[in-house]
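Nothing in this text is a laboratory measurement; each read-out follows from the coordinates by a stated rule. Just so you know, these numbers come straight off a predicted model, no measurement behind them. All Cβ positions, glycine included, derive from the backbone under ideal geometry; neighbour counts span all protein chains shown.
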Amino acid sequence: MGKISSWDWEPGQKTVVKSLSLLEGHEWQEEPYVSPDGETFVAIVKVGDGEFSIRTNDSVWETTFEKIWYPKFSPDGRLTAICQQDMEWVLVADGEAIGETTDYIWDTMFSEDGSVIATVYKSMERYGICVNGEPWETLYENANMPVLSKDGAHNAAVIQADSLAAADLEGFKRGVYTVAVNGEPWKGRYVNIWNPVFNEAGDSLAATCRTTVYDHTVVVDDKPWPTTYNQVWEPVFCPKDGGVAAPVRVAGKWGVDKNGQTLWEPRYIQCLYLQYDASGEKLWAVVATSYGQFTACVNNAPWNETWPTVSDLVVSPDGQRAAILASNCNEDFRIVVDGTPWSGTYDMAWPAVFSPDSKAVAAKVEKNGRFRILVNGKSYERDFDAVWPPIFSEDGTKVLIRAIENNSYIRIVAEVCDF
């Protein structure tokens, strides 16, 4: 698949797969997936009695399996899927197994360049992470919330480090959970631990935790903040100084603390989805300024207009702009950019996408069972039976539309200036 710059950006429409009907001899075909570059249409197909394979455009993988699920494209263009053979599971990339079969695997994760593929791994009722086919040396009673660093060199999961007997409340209160990084558990034990997140370099990890049944805080590299709170949401690393910030609840109101010190005074009904820009100068969030009034906020300054429900905060590459999805309790979705809603409401909307130069914004929306691509609030000239999220060219002047229309899979490169 390669870098976005190497994709075909010639404006116009191309029919990639003329007919999405079943290929000859197939009993059924599951929901479609497409590659990021738009050149490959994918679906799990049943090719015989208890035999499944993967259709790619008009051809099929030669290998068949008892079951297949979770097809996913890696950043380097490989098509991965989780496949069962002889009652055991294995990760398969482009038809070839990666590593040995095991009892179960899930949550396929990729490094930024796609060279590292990791999954959660189960063997003999023990759990861990498997990286490029190699499981952790030590597996644990429980492993969840897996994360992979950007470069793929480090991985982590929340693990149960000590056994608990049934209904052992005292043992639970003492704490049996921690984080294992590259398979090695932290020494600290916590009542609960959630949302592990790596810094950009992958050499530091933060998470939210409960140090007692009542006390929540943030733990960074197995060192809890000295301050505890009623509640804490997912932490983020600041790219500028390496500090860690998190939304915290104090006396019924939400604010933001950084490294255990107050950054935003607790004044909100809710505060979540923290996100720094690349410079670390701007800290974005979704906040509720009063009950049922949500909006976006940057450096503790909320946008003027509020909505009953807000989700999917997306910050532009330059950090100066942001977009959210706003709705009336999951009805009448709107796309809001820089505090101003685009005209029109939709039955469903998907997270906005900024162009690399941050000047243009695109989004996928649905109304009355039909799908459209919007750019800067204006719709493409026609709607589709199905469409995937838009992707901008590197220079931001074109947008890739991947769509199903009249039982064909088509790939359209449109000029942003044509919207």
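Using C-alpha pairs under 8 Å with a sequence gap of at least 6, the mean separation divided by the residue count of the chain gives a relative contact order of 9 percent.
Ordered by the count of other Cβ atoms within 10 Å of each Cβ, fewest first, Tyr214, Tyr190, Tyr127, Tyr104 give Tyr214, Tyr104, Tyr127, Tyr190. Ranked by the mean number of other Cβ atoms within 10 Å per residue, highest first, peptides 27-38, 245-256 order as 245-256, 27-38.
What's the local net charge at Glu30, with K and R +1, D and E -1, over the other residues with C-beta under 13 Å away?
Charge balance in the 13 Å sphere: +1.
Here the peptides 408-414, 378-384, 306-312, 7-13 are ranked by packing, the mean other Cβ count within 10 Å, and the order with the highest first is 408-414, 306-312, 378-384, 7-13.
The candidate values were (i) 91, 69, 40; (ii) 66, 46, 36; (iii) 62, 56, 35; the one computed from these coordinates for Cα extents along the principal axes in Å carries the label (iii). Compared with the alpha-carbon gap, the fully stretched path from Glu137 to Thr15 is longer by 39.2 nm at 0.36 nm per residue. Each Lys or Arg adds one and each Asp or Glu takes one away; over the other residues whose Cβ falls under 10 Å from the Cβ of Val179, this sums to -3. The peptide list 160-172, 337-349, put in order of mean Cβ contacts within 10 Å with the highest first, becomes 337-349, 160-172.
Taking Cβ atoms as reference points and 12 Å as the exclusive limit, the residues near Ser327 contribute a net charge of -3, counting Lys and Arg as +1 and Asp and Glu as -1. A simple charge model with +1 on the Cβ of Lys and Arg, -1 on the Cβ of Asp and Glu and nothing else charged puts the dipole of the chain at about 1540 debye relative to its Cα centre. For the range 81-88, the Karplus equation 6.51 cos²θ - 1.76 cosθ + 1.60, evaluated at θ = phi - 60°, returns couplings of 7, 9, 10, 10, 9, 6, 6, 10 Hz by residue, with Gly and Pro reported as x.
Per-residue 3J(HN,Hα) values for the range 15-28, derived from phi via the Karplus relation 6.51 cos²θ - 1.76 cosθ + 1.60 with θ = phi - 60°, read 8, 7, 10, 5, 10, 8, 5, 4, 6, 4, x, 8, 8, 7 Hz in sequence order (x marks Gly and Pro). Cross-link pairs exceeding 31 Å in C-alpha to C-alpha distance, out of Lys253/Lys367; Lys67/Lys378; Lys258/Lys367; Lys18/Lys72; Lys187/Lys258; Lys253/Lys378, comprise Lys253/Lys367; Lys67/Lys378; Lys258/Lys367; Lys253/Lys378.
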